[in-house]
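Everything on this sheet refers to the single structure shown next.
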Amino acid sequence: MRSRTLVRVAIFAATTVAAWGVLAYGLEQEDLDNLQPGQVAPRDFVAVNSGRVTHQEEFQRAQDAARESVDRVSMPRDGIEEQVLDSIDGFFGLVSRTVVGAGAEGPPPTIPPVDETTSTTTTTLASDTEETEADEPPATTVPPAEVTVTGFLFIDANGDGVYEGELTEEAEAGEVADVPLPNVGVIVSSPTRSARVETQSDGSFMAAVAEGEVTVTVDESDPEFPGFPVSAGAMTQTLACSAGTECEAEPVGFDPVLLSVDAVEAALGPQTLVPDEAIRTLAALARQDVVRTAVGGDSHMTVAQQAAIGAAQALFGQRIFESSATQGLSLEEAKIRATEPPPLVFYPDVGVRDVDAGKAAGDVVANFLLPNWAFDDEATAERAEELAEEVRQLEEEFQVEFVAGEPIASEGDRLTQLQIDAIRETGGVLERTQREGGLLAVLAILSAVLGLYLNRFRPEFWAKPRMVALLGILIVLASGAVRLTVALEPTVGWYALPAVAFGLMASVLFDARIGVLMALSMAILAAAGTRDPGVAVYALLATMAPIGFVSAVSTRRAFRNAAVYSALAAGMIAAATSWFFHTGPQEEALLSIGVSVGWAVGVSLVAALIGLAALQFFESAFDITTTLGLLDLTDRNHEALQLLQEKAFGTFNHSLMVGTLADAAARSIGANPLLARASAYYHDLGKTEHPSLFIENQFGISNPHDELSPAESAEVIRRHVTDGVRLAKRFKIPSEVAEAIVSHHGDAIMRFFYEKARESDPDVDPNIYRHVGHKPRTAETAIVMLADSLEASCRAVFQHEEPSPEAIEKVVNRVVDEKVNDGQLAESPLTLAQLSQIRRAFLGSLIGHYHQRITYPNFPGS
């Protein structure tokens, strides 16, 4: 007894230390870590030790100011200016090449040479330009008369073969008017004379030669020859000229063969981001340049190109960054400056400013412009940290001194960062020691009160160290739940505490009164762990919530419903406690209450289901019989009952009837009816080993005991108890149920075999014929003993007698009185009043079982 008391004391001591370790882990540190600037101080704080504390806000502010004072470090991007200028040059060249048909790749196309066999309109006659090698002309020779030969050369811009010096109103964009072709040599030959002349500024030429057949040939070797295909006239013409007349050659036109503005836009538009309008402007300018330079004029395209280059170079005189910067221009700003105002494009040869070409040049620059400077973020950060480090070296200038005993903050004050740091630096050590010691004292008192309660008021649990250990484990698990909730509180709030699960498990594993005791313990643990009265109230009520729902359940569905109802009850409790303790007058009050209810319901439901699942583990580990376990045992599909039905059918039916009687009797006195029924079902499980040796299983066979001695028969009957205990272990039947196997006969004498033995030996030892086992020690096992004997007696008596209510009552009284007189109920807690109630319950059940039936006419046996 003393050793068992020491075991219980050790269990409670271990529970106290374990719960203290769980709750105290990081207790003070967590409190200090949870303090936030602006939070209301939960109590007065006084400096325990003297010390200097850095004013972190000012210190950090000075470091941030030092960092922000650093200008971003920048560096030039090598090669960007050359890249951009090359891109601009390349684009202008691309437009020019595309206009003449070369496209984006390769040099401009070579103009095909003139094929004289197809360019002449008349047969070319060889002109005899050789003079007669004679010392003197014949005296009779008369000089031929002279004729004047005229002609006209022009650039046929539209290739229609007709000179048009001005564009019509219907001309398309980029079209160029025909222009005279000056300074091109023309050879005019007659049979006796040849002359080479050049076209004038208006493209005309005139030469005097002898009359007759005259050949007019455009000099292709002339440097001013345009090299375009002929679209009008012919390169060589033969004229018949008479004296005294003006002989006019057919005008000769040269076609530049250029792409239209639309074609250039279609070719280049998809390849570049330059606006289409700029492409069209430059394409028209390039088309005009082909004609203009062919007649010796200046290139206007070159002027626009130089204007774009100049604008880009002017912008590169400043720093251009990808994004905005105080040290220069952002790329977007630079692009705007490239177009507003646009570069100046002025043609000196005609004294005209081309606004459209200037705008196009600006668009080209804006398209190809790139940042020529970049920020070096790494170097900037290094410089910022250098300045911040200089400030850190001066940390002492930002420190505030606190003297031991000096108040830091009063309860209700809004805490500043300086006060929080001072609390941590100067007030943490002593406070932690005080709180941990106080927590240990509270938990020690809780354990002592629990132990005293079990010892004085619940001896059935106090007598079982395993039950005491299980209660201690639940206390430690509850401490862990409180500690986890404290850790999660900043994120999910206080109502993630799974209190419902502990009330449910305590009520099922023990009973309703221990469930209430668990609720009180949970409230104390919550109060000690959180120091929040609202959480303590919620823990108390939420732990008690499942007790009423699970105290009378008899099906698994009822257990699941109990979990749901308990979670809903926890939600209502959370709404009330959140409203009263944790919700201020802020506008989000309803939202705060709703969140609390949501967490309470969700966590309680999940925790209750997990708790129900954990019950099987606790049942097996601590050999506890719960209502859930009893429901499994009373299921007719249980493998042990299936074995009993298969091998000992008579015993099986006997056990079912005993279970019915035991259930009714247990209900009549407030005992556990499920436990009584389950114990009755398995009390004769050992008879499955030798079923034919028991009278209820002997169908159509002789009684084997007729061939055995009384001692041998007694040994066989006695063995069904030990066999039953062995089978109970095999099928993992809880000891509380298996107790009925050992005690359903008590230590009574097997009267039939004992009396048979006395016939041959009057002095035979009666102990040889006693059942093995002990007397019933619980109300349920005592009821099973009575129900077992009563069912067997009724079966024997009413085979020969009419089962009238009076006869049944006589058998009930005789069986109960026999067990009482034999002292078999001496160790059970049953009172005489309860025995009277049990008699009435047995009588009612048996009368219902042996009810009267109608005798049917002509029915066999009637």
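Close amide H contacts of VAL46 (hydrogens built in the peptide plane, cut-off under 5 Å, sequence separation of 5 or more or a different chain): ILE408. Rolling a 1.4 Å probe over the heavy atoms of the protein chains gives segment 733-862 an accessible area of 55 Å² per residue.
Working from label points 7 Å from Cα in the Cα-to-Cβ sense, the ILE445 to ASP298 distance is 10.7 nm. Neighbours of GLY244, meaning other residues whose beta-carbon lies under 11 angstrom from its beta-carbon, give a summed charge of -3 when Lys and Arg score +1 and Asp and Glu score -1. Give me the angle, in degrees from 0 to 90, between the Cα long axis of helix 2-24 and the longest principal axis of the Cα atoms of the chain, rounded to the nearest 10. The angle comes out near 20 degrees. With the charge dipole of segment 393-517 set up from +1 on Lys and Arg Cβ and -1 on Asp and Glu Cβ about the Cα centre, the Cα lying farthest toward the positive end among the listed residues PHE502, PRO490, LEU443 is that of PHE502.
Across SER620, SER260, SER655, the residue with the most accessible area heads the list, and the full order at a 1.4 Å probe is SER620, SER260, SER655. Reported to the nearest whole Å, the Cα centre-to-centre distance from segment 779-811 to segment 708-758 is 20. Annotation: VAL442 carries an accessible surface of approximately 60 Å², with a 1.4 Å probe and no ligand, DNA or RNA atoms counted. For a straight C-alpha distance cut-off of 18 angstrom, the lysines reachable from LYS647 (same-chain residues fewer than eight places away being disregarded) are LYS687.
Annotation: lysines with alpha-carbon distance below 23 angstrom to LYS335 (same-chain offsets under eight excluded): LYS359. Among GLU639, GLU395, GLU712, the order of accessible area from largest down is GLU639, GLU712, GLU395, computed with a 1.4 Å probe on protein heavy atoms.
3J(HN,Hα) along segment 654-666, derived from phi through the Karplus expression 6.51 cos²θ - 1.76 cosθ + 1.60 where θ = phi - 60°, amounts to 4, 5, 4, 5, 4, x, 5, 5, 5, 4, 5, 5, 5 Hz, with x in place of Gly and Pro. The simple Förster model, with R0 at 60 Å and r as the Cβ-Cβ distance, assigns ALA826 and TRP579 a FRET efficiency of 0.55.
Taking Cα atoms only, the orientation of helix 355-368 departs from the longest principal axis of the chain by about 40 degrees.
For the chain, the relative contact order is 12 percent, taking Cα pairs closer than 8 Å that sit 6 or more residues apart in sequence and dividing their mean separation by the residue count. Extension gain, GLU385 to ALA512: 0.36 nm times the residue separation minus the Cα-Cα distance gives 39.1 nm. Between the Cα long axis of helix 465-492 and the first principal axis of the chain there is an angle of about 20°, rounded to the nearest 10.
For segment 46-103 versus segment 210-285, the spacing of their alpha-carbon centroids is 55 Å. The label point for LEU643 and the one for GLU715, both projected 7 Å from the Cα toward the Cβ, are 2.4 nm apart.
If the cut-off is a Cα-Cα distance under 20 Å, which aspartates and glutamates reach LYS819, setting aside same-chain residues fewer than 8 apart in sequence? Straight-distance partners of LYS819: ASP663, ASP684, GLU739, ASP747, GLU755, GLU780, ASP788, GLU791, GLU809, GLU827. Cα centroid separation, segment 295-344 to segment 466-526: 78 Å.
Other residues with beta-carbon under 14 Å from the beta-carbon of GLY548 carry, at +1 per Lys or Arg and -1 per Asp or Glu, a net charge of 0. Full extension of the chain between ASN561 and GLN799 gives 81.0 nm of extra length, using 0.36 nm per residue less the Cα-Cα distance.
Rolling a 1.4 Å probe over the heavy atoms of the protein chains gives segment 301-444 an accessible area of 53 Å² per residue. Unpaired cysteine residues in the chain (no second Cys Cβ under 4.7 Å): CYS794. In this structure the amide hydrogen of THR54, modeled in the peptide plane, comes within under 5 Å of the amide hydrogens of VAL400, none closer than 5 places in sequence on its chain. Got a number for carbon plus sulfur as a percent of the chain's accessible area, 1.4 Å probe? Result for the chain: 55 percent of the exposed heavy-atom area is carbon or sulfur. Consider the candidate values (1) 167; (2) 191; (3) 426; state which one is volume of the Cα convex hull per residue in Å³ computed from the structure displayed. Working out volume of the Cα convex hull per residue in Å³ from the coordinates points to (3).
The values are calculated or read from the model by the stated rules, or taken from the named source; none is laboratory data. All values derive from a computational prediction rather than experimental measurement. All Cβ positions, even for glycine, are placed from backbone atoms using ideal geometry, and neighbour counts span all protein chains on display. To get the accessible areas, we keep the full protein, side chains included, count just its heavy atoms, and leave off ligands, DNA and RNA. Shrake-Rupley method; radii C 1.70, N 1.55, O 1.52, S 1.80 Å.
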